[in-house]
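Computed from the coordinates by the stated procedures, all read-outs in this text should not be read as laboratory data. Since the structure is predicted, the reported quantities are computational estimates derived from the model, not experimental observations. So basically every Cβ, Gly included, is an ideal-geometry build from the backbone, and we count neighbours across all protein chains shown.
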Amino acid sequence: QVGLVESGGGSVQPGGSLRLSCVASGSVDNIYLMAWYRQSPGQERELVASKTSGGFTNYGDSVKGRFTIVRDGAKNTMFLEMTRLKPEDTGVYYCNMMSPRTELWGQGMQVTVSL
């Protein structure tokens, strides 16, 4: 059964950096969209960044200029490079991949930005 495996979450001080990773554990063909979402305490899940197979990227307003989504379509892998982290970036981060046949979600991982 195919799933998404996430890694890289943890705690960091404000101004620091983290790199999140997400890889599909099985064979998935024609992934056309890869994305990261997050859910902060007391808030709804929101889009952080997405990237299509054609290279089009989209970022949430609060992370523009600080976060970068990177995808390796050949390996069904993606990363979220987060810099200049702020306390309001704290939350559970989820990766998401969509293909014509299926939509996959990661299990979620905690990112905490605090002193």
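Quick notes
- Cα lying deepest toward the dipole's positive end in the chain, options V5, G15, C95, charges on Cβ: G15
- Within the shell defined by Cβ-Cβ distances under 15 Å, the residues around G73 carry a net charge of +1, with Lys and Arg each +1 and Asp and Glu each -1.
- For the range 53-115, the C-alpha radius of gyration divided by 2.2 N^0.38 Å, with N the number of residues, is 1.24.
- When the trypsin sites (Lys or Arg not before Pro) in the range 37-68 are filtered for DSSP coil states and for at most 15 other beta-carbon atoms within 10 Å of their beta-carbon, the remaining sites are R45, K64, R66.
- Descending principal axes extents, the range 1-87, alpha-carbon based, whole Å: 38, 25, 24
- Rounded to the nearest 20, the Cβ-based charge dipole of the range 1-81 about its Cα centre (Lys and Arg +1, Asp and Glu -1) stands at 140 debye.
- Applying both filters, DSSP loop and at most 15 other Cβ atoms within 10 Å, to the chymotrypsin sites (Phe, Trp or Tyr not before Pro) of the range 35-100 gives F56.
- Prolate/oblate/rounded call for the range 1-48, Cα gyration tensor, a/c under 1.5 rounded: prolate
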